[in-house]
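> Here it is, the structure in full.
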Amino acid sequence: VMVASPGSTTISTYNHTNATLEPADGTASYVIVSGLASDDYGAIWVSQTGAAHGLHVYDATGVWSALGPYTGQGLTTATQSFDRIYIDQFDHKWIVVRDERNFKLYRGLMVLDSGDDPSRDDDDVFRYFNATGAAGQGLPSTTVTAIAEDLDGRLWVATTAGLAYFINTSFIADDPQSIPLWPLWKDRSLGAYALYGLVVNDLYIDPANTLWVASNEGLWQLKYEEGGLVLLRHYDTTNSPLPSDQILALTADTERGMLFVATTGGLVQFTSGATRASARESALTVYPNPFYLSSSSTGITIDGLVDRALVRITSITGEVIVQFSTRGGRLVWDGRDVRGAMVAPGMYLVV
């Protein structure tokens, strides 16, 4: 693990000689770090593959601690091989588990509540999901590829056989009733379970709470509504600049609303339109102004919103033309009223 302080040119390297990190089983100095995540308390959580202790924490005071091994529910005292790690809003650690005998294989997903003292494991509780589910419950596959939490408290899990989600709570690591669910299509003409059987390589949830799914069959843009997932767009090589349908990874610039898509054929930049919400109410930026209506217009961008805003477009006499409940910091209005008709030329207010 290499650590660089902000504004400093000094880089500190940590391995088995100066930290609790351990060489892989059967080696003298081959330290495999598989995942990193930071929590809200300034600690860095480090997962290892092939080590006796699969989890380590580097706290805000600069002290290392080794945790585990965790046993029970299918985990044994044998070498524990932890992969990527994700920390949710409740400070739970979601850890992808590899097969300790074959690092190319995956065994499932662990969720850990590290208790009041992260340097000790005697107050930890965890649950381990290591079986393939059926009929809409359980993991579609134990090969977990990505984890992401949406703005409404759903914890999404990507696998090589589709998506699942948890209704996340503060006690999920100690609640045997909490199980992963398979999302349904809101439009049942698309089938029952959304993207079931699809090889999913990565997930990204943008500030507007839109779910972007990287798959071997293109890029999917989805939105969760009451009743299931709504398909907003499916991008592939036939309808977008994507050089390949095999999407490997996603990341974003939330300040500019840009989505970066890594494919087997190269990197593509999308304008997702979703930006991080403003921390407090301030003057909005509305553009282009004036706006020229046409059937091919992309719309009027309203920037600088706080999260969970109610935005009304009104006439200068106060008549509400259309209104939106928004997430994130940006909204694009297409110039249509609540009935879907283009508004007449004139002056309109954004409230």
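The values are calculated or read from the model by the stated rules, or taken from the named source; none is laboratory data. These numbers were taken from a predicted model, which means no experiment stands behind them. All Cβ positions, glycine included, derive from the backbone under ideal geometry; neighbour counts span all protein chains shown. Accessible surface areas use protein heavy atoms only, side chains included; no ligands, DNA or RNA. Shrake-Rupley method; radii C 1.70, N 1.55, O 1.52, S 1.80 Å.
> Counting only residues that are surrounded by 11 or more Cβ atoms within 10 Å (Cβ to Cβ) and within 19 Å of Ser325 (Cα to Cα), how many does the range 271-315 have?
Qualifying residue count for the region: 26.
> Same structure, new question: In the range 1-14, how many are exposed (fewer than 15 other Cβ atoms within 10 Å of the Cβ) and closer than 14 Å to Trp45 by Cα?
2
> Looking at this structure, is Ile179 in contact (Cβ under 8 Å) with a residue 24 or more places away in the chain and open to solvent by 40 Å² or more (accessible area, probe 1.4 Å)?
Here the answer is yes, as Ile179 does meet what is asked.
> So if I check each of Ala283, Ala262, which one is over 17 Å from Trp333 (Cα atoms), modelled with pLDDT under 95 and not aromatic (Phe, Trp, Tyr)?
Working: Ala262 fails: modelled with pLDDT under 95.
Every option except Ala283 fails the conditions.
> May I pose another question? Pairs under 9 Å by beta carbon, first residue under 18 Å from Asp150 (Cα atoms) in the range 85-104, partner of a type in the set (Lys, Arg) and surrounded by fewer than 21 Cβ atoms within 10 Å (Cβ to Cβ), six or more apart or different chains?
Here the result reads Trp94/Arg84; Ile95/Arg84, each pair linking the range 85-104 to a residue that is of a type in the set (Lys, Arg) and surrounded by fewer than 21 Cβ atoms within 10 Å (Cβ to Cβ).
> Out of all the residues in the range 23-40, which are touching a residue at least 40 places away in the same chain (Cβ under 8 Å) and either more than 17 Å from Val1 (Cβ to Cβ) or in a strand (DSSP E or B) (or both)?
Matches in the range 23-40: Asp25, Ser34, Gly35, Leu36, Ala37, Ser38, Asp40.
> Across the range 319-351, what is the total count of residues that are open to solvent by less than 40 Å² (accessible area, probe 1.4 Å), over 16 Å from Gly273 (Cβ atoms) and either aliphatic (A, V, I, L, M) or under 31 Å from the mean Cα position of the chain (by Cα) (or both)?
Total satisfying the criteria: 3.
> With the requirement that a residue be of a type in the set (Asp, Glu) and buried (at least 19 other Cβ atoms within 10 Å of the Cβ), what does the range 46-87 give you?
Kept after step one, since they are of a type in the set (Asp, Glu), are these residues of the range 46-87: 59, 83.
Correct list: Asp83 only.
> Is it the case, given these coordinates, that Ala194 is among the aliphatic types (A, V, I, L, M), open to solvent by less than 50 Å² (accessible area, probe 1.4 Å) and modelled with pLDDT under 95?
The answer is no for Ala194.
> Which residues, counting only those in the range 277-296, are assigned to a loop (DSSP other than H, G, I, E, B) and touching an Asp or Glu at 6+ places or on another chain (Cβ under 7 Å)?
Let us first name the residues in the range 277-296 that are assigned to a loop (DSSP other than H, G, I, E, B), namely 277, 279-284, 288-296.
Scanning the range 277-296 gives Ala277, Leu284.
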